Structures are given as C-alpha cells and as structure tokens.
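Student: To start, I am sharing the structure in question, which I have written as structure tokens.
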Amino acid sequence: MSDEVTQLAPGLWCIGQKKGGRVHSFLCEEGGELTLVDTLFDTDGARILREIERIDRQPSDLTRIVLTHAHRSHLGGLAALKEATGATVYAHPWEADIIAGERKAQAVGIVPRRPLRVYFPFQFAASLGLGAHPACPVDEVVAAGDHVGPLEVLDAAGHSVGHLAFLWPERRTLIAGDSISTWPGGLAGGWGSFTLNERKHRATLRRLAETEPEAVGVGHGPPIPHGAAGRLRGLVDALDR
C-alpha cells in the first residue's frame, strides 16, 4: 500500500500505513528541526525517511524521536531511524526497558473483546507476548509536563502504564496515541482489548478532551483534522453514560 500522508496542521504531518492496524506516526517541524512521534510498523523506517525527503529536509534534521508507548506497531522503525538520523530517543520510564528489548510488554487478555476485528492478529498475539520489535535503547525519559521539541508531554495512562500523549498548543493539535482510535468502526476510546486499566483510561480521555484541540492524531485510524474538541467531548459523554 502506498504511503498515507496528511498535513494535520502547519508543520505537522501524519504518516500512516495499513500494517499494524492502520497505524500512524507524526512528524513535527519547528525551526528547521524535526520531532517524530512513533515509528510505524515497518522495521526499515523507509516511509518516514521518504517523508523527510519530501518536505526538503535531511535525515540529520530529525533530532528527536518520542514514543507514545511500547507496543510493536509503534516501534517497528525505531532502531533503523535511530541509526539513520542519530536522533535522541525519548519515552516514559515505565516503557523504556520494553523499548530497549529488556522486558516484554505487559500481555493483554486472551478472551476476545471489542473491537473483534483486531483479535487476529493483534490481541491474540499480544496475549501470548508475541510481536517482538527491533530493540533500541531510550536516551532520555520524559513524563507529564515535560516538553519534547514543540510538544508538551501529557499523562495518558490506561492503554499501558506509561502511555503518553502530546499537545502542540500553538497548533491546537493533540497526538493521542492509542488512547483514542478511529479504526475500525470510527471514533472510539482506543481498542478495549488493549486497555490495561479502564479507570485510568477513562480519566485520560477526560483530560485529553479538556485540551480542546482543533485537530487530533490517533495511533490507529485516520486523524480528525477539524472540530475535534466537540467530538472528544461527545466521546467522553457517551462513555460516561
């Protein structure tokens, strides 16, 4: 499948692929420097490197790679991109040793949960602890309130213990990771089968809605380019009923 690229806001591109469950990463440009959120499913980093070339930048302009969390679909290209660019790799401290290949991600339950379309191969494989990614050390750990390039780090625990989201306040754009999904089946509070802590996840959704974003990029599925604040409020209200 060809590359899927959407300009979500000035200086912010959403890069997607079919593998990994319509997974997406996000390339941010400010002051000639690039910051990347997540690295897609493919292990070669080629889609992201092509996008860097397309916007007339060099691999060395990618100075930061930050991870929402340590699940395989979001880590595929990390090691290759680190080698190609020399970028500093950032992640939450709880996720760092998983990314480095020193610990497996926490397994999800094997009993099928909605959305059922992701049970094979995603939930079933994850329940068995399968789906290794090329390991890559994390250079710096970050947590809520920190900044990585133009992005403010937000606590988004629930999908995983150290799940992060990112806000670009000047662009009114939220990168929600797997806290929110738009595939399969449209806007949802992520994949229930992968939510490790439902209480924390609900709290995360409320916090993310309170950022009042105009645009939202999600881990799985197409982004919401306009009017996202109202849609997130509606999602939270529906889940609270």
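The values are calculated or read from the model by the stated rules, or taken from the named source; none is laboratory data. Everything numeric here is computed off the predicted structure, so don't read it as measured data. Note that we place each Cβ from the backbone using ideal geometry, even for glycine, and neighbour counts take in every protein chain shown.
Student: Taking the stated definitions as given, is A107 aliphatic (A, V, I, L, M) and under 18 Å from the mean Cα position of the chain (by Cα)?
Tutor: no
Student: Would you confirm whether any residue within segment 210-231 is touching an Asp or Glu at 6+ places or on another chain (Cβ under 6 Å), over 24 Å from E29 (Cβ atoms) and either crowded, with 23+ Cβ neighbours inside 10 Å or charged (D, E, K, R) (or both)?
Tutor: no
Student: Let me ask something additional. Anything in segment 1-32 that is surrounded by 15 or more Cβ atoms within 10 Å (Cβ to Cβ) and over 19 Å from D178 (Cα atoms)? List them, or say none.
Tutor: A9, G11, E29, E30
Student: What residue, of S181, S193, is among the polar types (S, T, N, Q) and more than 29 Å from Q7 (Cβ to Cβ)? So that I can check it myself, show each step before the final result.
Tutor: On the way: S181 fails: more than 29 Å from Q7 (Cβ to Cβ).
After ruling out the rest, the residue left standing is S193.
Student: Check W13, W94 and return the single one that is more than 27 Å from R172 (Cα to Cα) and among the aromatic types (F, W, Y).
Tutor: Every option except W94 fails the conditions.
Student: Okay, moving on. Can you tell me how many residues in segment 205-233 are touching a residue at least 24 places away in the same chain (Cβ under 8 Å) and of a type in the set (G, A, S)?
Tutor: Number of matching residues: 6.
Student: Something else now. Scan segment 30-45 for residues that are out of contact with any helix residue (DSSP H, G or I) (no Cβ under 8 Å at 6 or more places or on another chain) and at negative phi and jot them down. If you could, list the steps in order and put the result at the bottom.
Tutor: Our first condition is that a residue be out of contact with any helix residue (DSSP H, G or I) (no Cβ under 8 Å at 6 or more places or on another chain); within segment 30-45, this holds for 30-31, 35, 37.
Those that are out of contact with any helix residue (DSSP H, G or I) (no Cβ under 8 Å at 6 or more places or on another chain) and at negative phi: E30, T35, V37.
Student: Can you tell me which residue within segment 128-155, out of those that are surrounded by 16 or more Cβ atoms within 10 Å (Cβ to Cβ) and farther than 23 Å from T63 by Cβ, is modelled with the highest pLDDT?
Tutor: Among them, the one singled out is D155.
Student: Conditions first: (1) in contact (Cβ under 8 Å) with a residue 40 or more places away in the chain; (2) out of contact with any Leu (no Cβ under 7 Å at 6 or more places or on another chain); (3) crowded, with 16+ Cβ neighbours inside 10 Å. D42 passes all but one, so which condition is the exception?
Tutor: (1) is the only condition that D42 fails.
Student: Would you mind finding the one in T195, T182 that is free of Cβ contacts under 8 Å to residues at least 40 places away in the same chain, surrounded by fewer than 24 Cβ atoms within 10 Å (Cβ to Cβ) and of a type in the set (S, T, Y)?
Tutor: Just a single option satisfies the conditions, and that option is T195.
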